[in-house]
Amino acid sequence: MAAPEPGPNLARRRLLVVAAGGVMVGLGTLAGHGGARAGSAAQAGPASPAARTSAIPSASPSAARKPGGVPAGRTRVAAARNTAPRQPMYYLDDGPKVIALTIDDGPSPVYTPAVLRVLEKYGVLATFSMVGENVSYYPATAKDVVEAGHAIINHTWKHANLNSLNPAEQLTEITRATEAIHAATGVRPRMFRAPYGAWSQHVLRCCAAENLIPLDWSVDPRDWSRPGARKIVRTIMKTTKTGSIILEHDGGGDRSQTVAALQIAIPRLLDEGYRFAIP
Ligand SMILES: [Zn+2]
């Protein structure tokens, strides 16, 4: 878990890379987010690319054959190639003092309910980026999130680093998570967040083809590295401004510091006049 520290201008750097039309964006995050990856893999299953690939069933609905004999999965990859991609969202544009809170890598049977209790206490709505496989383990928890009025978005099936997979596998990671979220909650996600912020032109095209808005973030207190609740709160309070999208985690390991930090940060942000919105 010796992840290198991304620089303070990480979000800005990534924005510039995106603006320049880079194929591989978010590499800084990829490195900086390594701890979350390790933790998530521990919860979600084997982490090696080979294990991940072999875990993807060839008979998933997206690979089903159409009457004409063309595998539907291949058609969707081709469609993804021909779709103009929309760039990831780093900030909300929803008026002064409007921000978004995003909670990644769940659902967790322990930390998701704890986060829900904090959000309910302060009447705040959040966006949960859920890992499809975790949704399949804890569908009732996912349903609780939707029933409390929060949004669930797609965070891949296995928290895969999509850049390590071939194009068809990348699309399967995305479609399979959508199917799991829909099966558990009855709601289809309308946004997608790439694990580790590992965006590529292909991932963005997959999002466009699957009607998913790519969502990134702009405030990262690195709660996954467990720096202490106080430090998480300090980073949130120091770096949040109008439009900020705050990144927190309820899955992938012990998230008690995150829960404790939210208990402090949310009322402080409300006191400062911020309003929470779902992007
Ligand atoms: Zn994640």
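Once the Cβ-Cβ distance of D271 and Q201 is raised to the sixth power relative to R0 = 45 Å, the FRET efficiency obtained is 0.60.
Cβ crowding within 10 Å ranks W224, W157 as W157, W224, fewest other Cβ atoms first. Neighbours of L212 by Cβ distance under 10 Å: Lys/Arg scored +1, Asp/Glu scored -1, total +3.
A Förster distance of 22 Å, applied to the separation of the beta-carbon atoms of S256 and A148, puts the FRET efficiency at 0.60. Between N166 and V110, the modelled labels are 3.9 nm apart [label points 7 Å from Cα along Cα→Cβ]. With the Cα gyration tensor of segment 209-262 giving a ≥ b ≥ c as the square roots of its eigenvalues, does the rule (a/c under 1.5 for rounded; else a/b larger than b/c for prolate; else oblate) give rounded, prolate or oblate? Oblate. Between K241 and A140, the distance separating the two model label sites (each 7 Å from Cα on the Cα→Cβ line) works out to 4.5 nm.
Rounded, prolate or oblate: which fits segment 162-219 when a ≥ b ≥ c are the square roots of the eigenvalues of the alpha-carbon gyration tensor, with rounded for a/c under 1.5 and prolate only if a/b beats b/c? Verdict is oblate for segment 162-219. Full extension of the segment from K97 to I213, taken as 0.36 nm per residue of separation minus the current Cα-Cα distance, would add 39.5 nm.
Taking other C-beta atoms within 10 Å as the exposure proxy, V259, V146 rank V146, V259 from fewest upward. Between A183 and R234, the distance separating the two model label sites (each 7 Å from Cα on the Cα→Cβ line) works out to 4.5 nm. Taking a cut-off of 17 Å between Cα atoms, list the lysines near K158, but don't count ones fewer than 8 places away on the same chain. Of all the lysines, none pass the test against K158 - Cα under 17 Å, at least 8 places apart if same chain.
Read the figures in this text as sums done on the coordinates, not as results from a lab. Here the structure is a predicted model, which means the values were calculated and not measured. Cβ coordinates were reconstructed from backbone atoms using ideal geometry, including for glycine residues, and neighbour counts include every protein chain displayed.
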